[in-house]
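Below: one structure, written as structure tokens.
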2 protein chains.
Amino acid sequence: MPSYTPPLRDMEFVLHDLLQVETLDIPGYAELDRDTTRAILGEAGRLASEVLAPLNPVGDREGCRLENGVVRTPQGFREAYERMRDGGWMGLDADPAYGGQGMPYLMNCATGEMFVSANMAFNMYQGLTHGAYSALHAHGTEDQKATYLPKMIDGAWSGTMNLTEPHCGTDLGLIRTRAEPQQDGSYRLTGQKIWISGGEHDLAENIIHLVLAKIPGGPEGTRGISLFLVPKYLVNPDGSLGDRNAVTCGGLEEKMGIHGNATCVMNYDGATGWLVGETHKGLKAMFTMMNEARIGVGLQGLAQAAVAYENALGFARERLQGRSVTGAKHPGGPADPIIVHPDVRRGLMDQKAFVEGGRAFALWAAHMIDRGHLAGDVGAQGLISLLTPVVKGFLTDRGFESCVAAQQTLGGSGFTRDWGVEQFVRDARITMIYEGTNGIQALDLVGRKLASDGGAHAMAFFALVKAWCQEAKSDPEIDADFAQPLKQASKELQQAAAYFMAQAPRSPDAALAGAHDFLHMTGHVCLGLMWGRMAQAAKTALAAGATDPGFYEAKIATGRYYMARHLPLVATHLRRIESGVEPVMALDAAAF
Amino acid sequence: MPSYTPPLRDMEFVLHDLLQVETLDIPGYAELDRDTTRAILGEAGRLASEVLAPLNPVGDREGCRLENGVVRTPQGFREAYERMRDGGWMGLDADPAYGGQGMPYLMNCATGEMFVSANMAFNMYQGLTHGAYSALHAHGTEDQKATYLPKMIDGAWSGTMNLTEPHCGTDLGLIRTRAEPQQDGSYRLTGQKIWISGGEHDLAENIIHLVLAKIPGGPEGTRGISLFLVPKYLVNPDGSLGDRNAVTCGGLEEKMGIHGNATCVMNYDGATGWLVGETHKGLKAMFTMMNEARIGVGLQGLAQAAVAYENALGFARERLQGRSVTGAKHPGGPADPIIVHPDVRRGLMDQKAFVEGGRAFALWAAHMIDRGHLAGDVGAQGLISLLTPVVKGFLTDRGFESCVAAQQTLGGSGFTRDWGVEQFVRDARITMIYEGTNGIQALDLVGRKLASDGGAHAMAFFALVKAWCQEAKSDPEIDADFAQPLKQASKELQQAAAYFMAQAPRSPDAALAGAHDFLHMTGHVCLGLMWGRMAQAAKTALAAGATDPGFYEAKIATGRYYMARHLPLVATHLRRIESGVEPVMALDAAAF
């Protein structure tokens, strides 16, 4: 059975040494002193490690069952869900006007990482509820908000997002689900949705589906899509549950992982729904939920990598095989622990450098959202809009890779069920796919975000990197090991952007063919920036006489590893991009 | 359900255009004209696609069951096994003196790729039998060979390899299984072996275990290991089956994939066995089996990538989503097939370039084995000894990655069971681990093979690459697109080797810390060489007026893609290696 130890020390470092949250002029941040964050994270971590983690292999083994239209979640999930509700975790950052605790989103992400590391499939039930809450909060009527939000914040009711249909996923313009307006202002929804996470289950009293559908007579394609709220049970004026709505689960998907989460076929057979936001503007409203979900999915990639790394490290410290080439490290034992071997060490350092860098990046991104949302910082909004596909795409591509590396550290044990690391690999795999495949993230970055507002957000990002590199010059060590390689990588990234611009007039395909590489370049520059700033923060703490110097020294060493062994990939990605669109598109589709 | 179409056209290209097998002066090769290979491969392909492939999801779903000490394989496996026996496929390249067909090993690998693509878990039963056959053929006594080989070649009896114990895998010096000499020349074996593929099953009448064990009083460590033959049923002097031996299956491992293959805990409770080869020289004898198995595992990585690619391609041609950015390609339909999108195309080209390059590399390697084994070419023996870890490590690391890329092409469908691609990912995952993890392959390459015979094999490899680059100069197109980048990559590879040598005196860890990168550099140079030679062969065929020019033009275009977008990774690996051992080993084990 795998272990899970919440990374409290490292989160404290990110929140207080790196981001210095309590010093920032963002509503709610002043209260985030070390004692407060330690209390919150400690409590969440306990729930994660003691309640959720033990249920992770159970959920994987049992999966969900559909019996007479009712989905049974794995044993123990209901009790755990109640514990989550009791702790108020589902409404941690929700609007106090509807019963939420009003904490910054940052804290939701920090606690969320732990919940996901402990049990990703379980946490998806509440994760999607949170997304539905946000969409409704941003686009719902006052009545809708008053009716639904308190119950969703409390976890009594859960939420879903319904986009995909059998013949359309990415291309939502093809949606066939119809919504017919009724005399009373409601709509009747008819159609089938697939791959609906938590579409049906036994954890909550009601399920609030947010559904994309077309109102007959509207514009073709994505401009004719509207968003609807369709509850499983209709809600009476007094808030009590009324009739069962005509929305049912038609089947469960068998899949590679996240077995504890019900992936449902949902049939809408004249179900009653209500418009959310404006007619035909459904995609925009859904994107409130989607953008949040994308940050959440990036966090899932990181969280799986984090728990996989913990288990790989534990194994590497205990498994005795062979001797260190520089002389036995444990001469008294039959062999040395495998962590002494350079290639095992390489695998662990790859994981550690990604996990800690990725954690900083994810929390920094969450902090940017707070900056935009709570403090009205337009620059931060632009920056996070630019980087959302990077958080999603990079943290999940690399997070999966990191899980695979962890599995490799365990050798044969990594392939067996007992050790549990193979489950992290299988669960992490979906993160590269859902909420828009990583190919779609790359297109979003290159095709939309890069040029939006005349490229202002991209320029702001480059300026941010440059400013830090400039500032870092005062410390020759940080300058040499971090700022100089980062400067080079950032230059290469700009060169890639310039290449796209130069190619655009005669080859609109060029940017698209290089999009994946560009997303990864950007991700590396982001993690490089995080590592530079973390190394700097670690040196500051050491100079101030930190009581645990080993922690900070390890931070600097891990950062150096990232700069020396991960950042050079940026140059390769540039070479790929500059090899042009021709090699990618040379073959006719029939010639494959 | 996934599809499988044998890659007959591509194999024909590798055998006849690239390797030009029928022109080579190797015993048995003269008979390999196009008609003969086409007949053999066509027959194997039919068996693979019609019999084995449909059982692949069945095996995955049902797995194996242990009932009262007997392992039941999935439904249909027994019938399929009989079909394999009837076709004589198990003894295709085996010694005619014992009933084999005496074909070159090359043909065994070509047919093997198809069997593995169709059903990897199933094919492992006979794959390991083949390995055991080879070990016994090389090291057994005449009596042993006469008794066991004909039955193993025929498939009536199967074989296994027993190395791992609960506390030792890679470090075989720790083995505890004891073999006590008996008066009659036999041994009594006592101990437990784990992760024994096909250790017990219902496909064959008898199972011949090759077991590593220690004779009491022998030297410590790996120098005290001997190899034993331990049959499930003792064999009477007349060849009939006698008493059940004291070797039993104590349990089946639950694992991530290859569910159709029984991974067994094997208990030896005073089982009767016979020494194979010399006392205390067991590891050397087992390595005959191991080296063959490593080529076989490399082939598995490739074969899973090949079938995954086929399914990704089929999906990309049929799934309609979005429109080409350069204008609708199927304006009559609701959307274009996703193969029009550059990022989808990138994923497919990555797979295609790896699969076709990897296939050439694997068959070229098999051909080197034939050259050494059948024609006594010592240079070829040295070369394949050097490259065996590369075949295993590179083709499985990249093969797995290619399966993951195929899964990504399918989007959400790639994560669901129905489409079957997720099974290829799960099955392929083990190839990076068993028969020596890829970390061990890298150490073997860098720590042993690179310097063996004073570096003669490595120098021969570099000379081979150089000679081809020289020869390619006559064609300016091949020179510019293939030979020049390959020359550069080979130079970088030599630079890495030189770096290891320069570091060795003061830092024995340096080569080990860079071993993984070095293995991948070597793999890229090998595939680069294959692509250069394939492009050349394609041009030759085109100049000769080939009737299917499209096939050859696609070959050249795919090769260009590899050179432009995969080969640049060599430079990154070099940068990693040259960043030195310090970043890798900087942290104390306790500081992680």
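Derivation of every value follows stated rules applied to the coordinates shown; laboratory data play no part. Computed from a predicted structure; not experimentally measured. Every residue, glycine as well, gets a Cβ built from its backbone with ideal geometry; the counts of neighbours run over all protein chains shown.
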Angle check, please: helix A:342-373 long axis (alpha carbons) against the longest principal axis of chain A (alpha carbons), in degrees 0 to 90, nearest 10. 50
Using only the C-alpha atoms of the protein assembly as shown, find the volume of their convex hull and express it per residue in Å³. 167
Please give, to one decimal in nm, the separation of the simple spin-label points placed at A:Ser240 and B:Ala502, each 7 Å out from Cα toward the Cβ. 8.3
Distance between Cα centroids, the range B:289-345 to the range A:223-239: provide it in whole Å. 40
Going 7 Å from Cα along the Cα-Cβ axis for the label, what nanometre distances separate A:Gly251 from the same residue across the other copies? 3.7
Averaged over B:506-512, how many beta carbons belonging to a partner chain fall within 10 Å of each residue's beta carbon? 4
Can you give the local net charge around B:Leu227? Use residues other than it whose beta-carbon is closer than 12 angstrom to its beta-carbon, Lys and Arg +1, Asp and Glu -1. +2
Name the residues of the range B:125-159 whose amide N is less than 19 Å from a point 7 angstrom out from the Cα of B:Ala97 along the C-beta direction? B:130-154
For a footprinting-style exposure proxy, rank B:Lys392, A:Lys473, B:Lys449, A:Lys539 by other Cβ within 10 Å, fewest first. A:Lys473, A:Lys539, B:Lys449, B:Lys392
Residues A:Glu31, B:Glu582, B:Glu435 arranged by fewest to most Cβ contacts within 10 Å: A:Glu31, B:Glu582, B:Glu435
Using modelled amide H (1.01 Å from N, peptide plane; none on Pro or chain starts), what sits under 5 Å from the amide H of A:His280, excluding residues fewer than 5 places away? A:Ser226, A:Leu227
Quick one: which of A:38-47, A:406-415 comes out on top by average Cβ neighbours within 10 Å, and what's the full order, highest first? A:406-415, A:38-47
Charge sum, other residues only, whose C-beta stays under 9 Å from A:Ser324's C-beta, Lys/Arg counted +1 and Asp/Glu -1: 0
Too long for a 28 Å Cα-Cα cut-off, among B:Lys473/B:Lys555; B:Lys284/B:Lys466; A:Lys392/B:Lys555, are B:Lys284/B:Lys466; A:Lys392/B:Lys555
Going through the cross-link list B:Lys232/B:Lys352; A:Lys151/B:Lys255; A:Lys449/B:Lys539; A:Lys151/A:Lys214, which pairs have a Cα-Cα distance over 32 Å in this structure? B:Lys232/B:Lys352; A:Lys151/B:Lys255; A:Lys449/B:Lys539
Ordering B:130-141, A:185-196 by per-residue average of other C-beta atoms within 10 angstrom, highest first, gives B:130-141, A:185-196
Once phi for every residue in the range A:189-202 is put through the Karplus expression 6.51 cos²θ - 1.76 cosθ + 1.60 (θ = phi - 60°), the whole-Hz ³J(HN,Hα) values, with Gly and Pro written as x, are 9, 9, x, 10, 10, 10, 6, 8, 5, x, x, 8, 5, 10
Relative to the first principal axis of the alpha-carbon coordinates of chain B, what is the inclination of helix B:120-139, with its axis defined by its Cα atoms, in degrees from 0 to 90 and to the nearest 10? 60
Neighbouring partner chain Cβ atoms per residue of B:323-332, average, 10 Å criterion: 2
Packing-ranked peptide list from B:73-83, A:294-304, A:486-496, highest mean Cβ count within 10 angstrom first, is A:294-304, A:486-496, B:73-83
Consider the operator that turns chain A into chain B: which A residue has a Cβ nearest its axis, and what is that gap in Å? A:Thr572, 2
Orientation-averaged projected area, Cα convex hull of chain B (nm²): 28.9
Work out, in µm²/s and without decimals, the Stokes-Einstein translational diffusion coefficient of the range A:481-570 at 4 °C, 1.567 mPa s, Rh from Kirkwood over C-alpha pairs. 90
Suppose you put the label 7 Å out from Cα in the Cβ direction; list, shortest first and in nm with one decimal, how far A:Gly42 is from each other copy's label. 7.6
Exam field: A:Gln484 pseudo-label spacings to other copies (7 Å along Cα-Cβ), nanometres: 3.1
Distance between the C-alpha centers of the range A:118-136 and the range B:514-531? Whole Å please. 44
Across the residues of B:403-416, average count of Cβ atoms on other protein chains within 10 Å? 5
Tell me, A:Ser452, B:Ser474, A:Ser402 in order of fewest to most beta-carbon neighbours within 10 Å? B:Ser474, A:Ser452, A:Ser402
